[in-house]
Every structure is written in structure tokens, then in C-alpha cells.
Amino acid sequence: MPHSPSLMAKSTVVLLLATAYAVAQDAPARIANAKPNEVRVLASTGLKASLDPVKAAAERAVGRPLVIEYGASKNLQVQIEGDAPFEATILTRDVIDAMIAKGKVVAGSASDIGHVVVSFAVKGESPKSPDIKTGPGIKALLLGARQVRWLEIGASAPTVNKMLDGLGIARALDGKAATDNVSQAAPQVAGAGEYEVLLNLNSELHPVNGWTILGMVPKAYQVPIVESVGIGAKGDPAAAKSFIAFLRTPEFEKSLIASGMTR
């Protein structure tokens, strides 16, 4: 039975879990198969856009090849709690602190390396010059979208949920959830005048081809997101320290800022 126009006008919220879960499941296998001279790093997906371009430079600085596995911090937390081997890990600060409390990350080794905000991106025939600075404008953008995507287990979720609750539209989107691939997945816009909205870390939106970044979620709704690095309790501490030292260099800072993050 075809959908009524009123239903077609409503948004479908896509909680992007499936591929993130698959990435996290694949990480321990790849890390476990690392060669003895390889330095193992578990990193939040939010750092991928800043680490990948300078991986070769990091390897030169460390003097050993790196094996970097990316995933949502909470997924990587599960792997770390399951004793996945690693020298260093970059996670949101709350997860790093939790891993220190459980003895998985060396106490006193954690340090903050960057901050990131949550931003809007659109794909399809969205309104021209959409208003993302006022409540009415954001409501119109989200409620008029065919789909609104975010990663419910990701670091962006607290900001998204705070915004939806603050705007009073959480219930309007609730009950229309479906699983999909991570934010890198191609949008499913299907029809003239339809568009999708993606809410994610600014550093994860930048590499996504085909999406137009509109700008950050208003500060009133932003829940601070800090990415921190720590040393694995069972890894090679000297290699971890060399890697962390590279994260303090101007070369990495330049890549970090280019990815949409700040110190």
C-alpha cells in the first residue's frame, strides 16, 4: 500500500549501527595478527581523517610500522575490555577514564589531543540556505527531511539527543528508526524534492563525499567531545610514548585542524 503524503513528509531516523559494529568486530582480528614489530593503535573514528594522511610520517617518527584500527569509542571499549592488544588508544575522554579505572590503560598516561563539535550535512534537494542557527529553522530542516542520520552509540549522540529534546521533536522522530551503514554510506534519497540530513562529528563529515556540510549544531546543544590518548597496560610503553610524542608535533596538529578538529 502506498504511503500517504503526510507519512511521506515525515522523517525516518536512521541509527547507524551495523557497519560500526562490524568494524569493531574486525578490529581485534587485525590487531591480533599484527607483526611483532608493528605498533598497535586503537583509535576513535573521529581521528581517521587526521591520522591517515600523516600515518607515514608517524611511522618514521616512531621507527616502526603502525597498525591503526578505527571504531566508535564505545565499541573499542568493548574490545579493550576483552583484552584486545594495543600499544596506544585514542578515545573520547570518558571512555579513556573508564579504561584507566579498569586497569586497561596506564594510570597517568592519558592526555587530551583534540576537541570536536557535531555538525549538520545534507544530501539531496534540501531547502536553499537552510537555517541551522535557530530552533524553528532546525525543526523545519529535520522534520522536512526524508531521513535524519546519526550514530546512536557514537560520540555525537549526546549532542543530537540534547538538541532533539530541547527542540521538542524527539518524539516526532521516535519510532521511525532503522539500521543502516555508518555515516560514510551513500544516502538513499529517492525522489524530487527529497533530502537527507546527517549529524556527526565534524571530523567525520569532512571525508564524506557527496554530502554538503552546513555547519555546526548551535553551541547551546553541544555536549563537549574531547579525544584523548593513553598507553595500553599490556603493550610496549616505549612505542606508545613515541607515537604520542608525534601527536604533539606541528605536522599532526596541521592535519588535525584540517580534519575539522581543534586543539
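Since every read-out is calculated from the coordinates, none of them should be taken as a lab result. Keep in mind that what you see is a predicted model, and the values were worked out from it rather than measured. Methodologically, a virtual Cβ is constructed for each residue, glycine included, from the backbone with ideal geometry; neighbour enumeration extends over all protein chains shown.
Summarising the amide proton neighbourhood of VAL217: residues at separation of 5 or more, or on other chains, whose placed amide H is nearer than 5 Å comprise VAL118, SER119, PHE120.
One way to sum up the overall shape of the stretch 103-157 is the equivalent ellipsoid from its Cα gyration tensor, whose semi-axes run 35, 13, 10 Å, largest first. Residues whose amide H falls under 5 Å from that of ALA233, counting only those 5 or more places apart or on a different chain, are VAL105, VAL106, with hydrogens built in the peptide plane.
Ranked by the mean number of other Cβ atoms within 10 Å per residue, highest first, peptides 215-227, 88-100 order as 88-100, 215-227.
Between ASP97 and ASP165, the simple label model (points 7 Å from Cα in the Cβ direction) yields a spacing of 1.8 nm.
Each Lys or Arg adds one and each Asp or Glu subtracts one; over the other residues with Cβ under 10 Å from the Cβ of ASP112, this totals +1. On a straight-distance basis, which lysines could pair with LYS104 in a cross-link, Cα separation under 23 angstrom, same-chain partners fewer than 8 positions away excluded? Excluding near neighbours in sequence, the set is LYS35, LYS48, LYS74, LYS234, LYS241. For ALA145, no residue has an amide H sitting under 5 Å from its own, ignoring neighbours fewer than 5 places away on the same chain, with H placed 1.01 Å from N. Over every Cα atom in the stretch 86-130, the radius of gyration and the widest Cα-Cα span, Dmax, amount to 17.8, 51 Å. Taking θ as phi - 60° and the Karplus parameters 6.51, -1.76 and 1.60, the scalar couplings of the stretch 123-134 work out to 9, x, 8, 7, x, 5, 6, x, 8, 10, 9, 10 Hz in sequence order, x denoting glycine and proline. Shown here are the Rg and Dmax of the Cα trace of the stretch 216-263, at 14.4, 42 Å.
With the convex hull drawn over the C-alpha atoms of the stretch 68-153, the volume per residue is 147 Å³. In sequence order, the stretch 234-250 has phi-based couplings of 10, x, 8, x, 5, 5, 4, 5, 5, 5, 5, 4, 5, 5, 9, 7, x Hz under the Karplus curve 6.51 cos²θ - 1.76 cosθ + 1.60, θ = phi - 60°, and Gly or Pro positions carry x. With θ taken as phi - 60° and the Karplus curve 6.51 cos²θ - 1.76 cosθ + 1.60 applied, the whole-hertz 3J(HN,Hα) list for the stretch 137-149 is x, 5, 4, 4, 5, 6, 6, x, 7, 5, 9, 10, 10 Hz, x standing for glycine and proline.
Among 63-74, 103-114, sorting by the average number of other beta carbon atoms lying within 10 angstrom of each residue, highest first, gives 63-74, 103-114.
Within the stretch 79-122, whose backbone N sits under 17 Å from a point 7 Å along Cα→Cβ of LYS241? Residues 87-89, 106-111 qualify, since their backbone N sits under 17 Å from the label point.
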